1. Calculate how many DSSP beta bridges within the stretch 1-116 are antiparallel, expressed in % of all such bridges and rounded to the nearest 5.
2. Using the charge dipole of the chain (Lys, Arg: +1 at Cβ; Asp, Glu: -1 at Cβ; taken about the Cα centre), state which of GLN28, ALA90, THR40 has its Cα farthest towards the positive end.
3. Compute the distance in nm between two label points, each set 7 Å from the Cα along the Cα-to-Cβ direction, one at GLU180 and one at ASN142.
4. List the relative contact order of the stretch 1-104 as a percent without decimals, with contacts defined as Cα pairs under 8 Å and 6+ residues apart.
5. Give me the lysines in straight-line cross-link reach of LYS19: C-alpha distance below 17 Å, same-chain residues under 8 apart excluded.
6. Within the stretch 105-190, which trypsin sites (Lys or Arg not before Pro) sit in a loop by DSSP and count at most 12 neighbouring Cβ atoms inside 10 Å?
7. Taking K and R as +1 and D and E as -1, what net charge do the other residues with C-beta under 13 Å from the C-beta of LYS55 add up to?
8. Take the alpha carbon atoms of the stretch 10-56, find their center, do the same for the stretch 197-257, and report the distance between the two centers in whole angstrom.
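No value in this document is a laboratory result; all are computed from the given coordinates. Every value quoted in this text rests on a predicted model; they were computed, and no experiment measured them. Positions of Cβ are backbone-derived with ideal geometry, glycine not excepted, and every protein chain shown enters the neighbour counts.
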Amino acid sequence: MPGSLAHDSVKVFIVNGLKRAGAKVTLQRFSTPDPYQSRTLNLTNIVGSFFPNRKQRLLLAAHYDTRPWADEEEDEKLWQQSIVGANDGASGVAVLLELADILAQRRPKRVGVDLVFFDGEDYGKAGDLQFYLLGSKHFVANLQGYRPECGIVLDMVGAEGGKIRQEGNSLSVAPQLTQELFARAARLGLDVFVPQRSEPIYDDHVPLLQAGIPTVDLIGLPYPYWHRLGDTPDKCSKETLRQVGTLVVDFIYDFGF
Ligand SMILES: [Zn+2]
């Protein structure tokens, strides 16, 4: 969770992974008054750019912060504890870091790729929508002419037995990209992806969509350990992660016009 030592270590871990893969790394630091304590909340988006001179770009994003409150636990006494976030946080990061290693070895045809690790996605308490998506909102407020062709957000993409459906906001605002990704998944035989509409989710793709960047949220819901202390690595599966990674890699290396 933001402000913890673990949060600082994961930041170093991501930056080192990106640098090792040869990315140009930019830290986008920002701070905001903590809505829940009298302190300043210091947050950092991490951007790893591959082939930064290429004009046509793809954005792949995941949030790396984990939720400070296990507020989906039935026992209210547990709500003040932070979650591990193996699926809700780490899974998307894992896919992006693996992608970094692949990009280090093989160049896409024409496109440059930006891997963006958002901070502060899951900071809000239930109902406090304005304190969610802190990193992606800050990113979109500071685009400075950055205009990727499209974006993919990965969130909760690692659960054992998890399924990813066509998230409502993605399907409404970026229908072409959503359908293209799910058709591609079907061609590749990836059964984690189910071409069925699901509820709209308020996730990091929403600010990107509002900024006019067609973005799809690949999110595995329902997840029984969502915002609970049980969101630990044993609930994750290599196979789910493999399928998500396969889809994203296939999309990137096929992209270009
Ligand atoms: Zn969450």
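1. So the antiparallel bridges in the stretch 1-116 amount to around 75 percent.
2. Farthest along the dipole direction, towards plus: GLN28.
3. 2.9 nm
4. 27 percent
5. LYS11
6. ARG106, LYS109, ARG110
7. +2
8. For the stretch 10-56 versus the stretch 197-257, the Cα centre distance is 19 Å.
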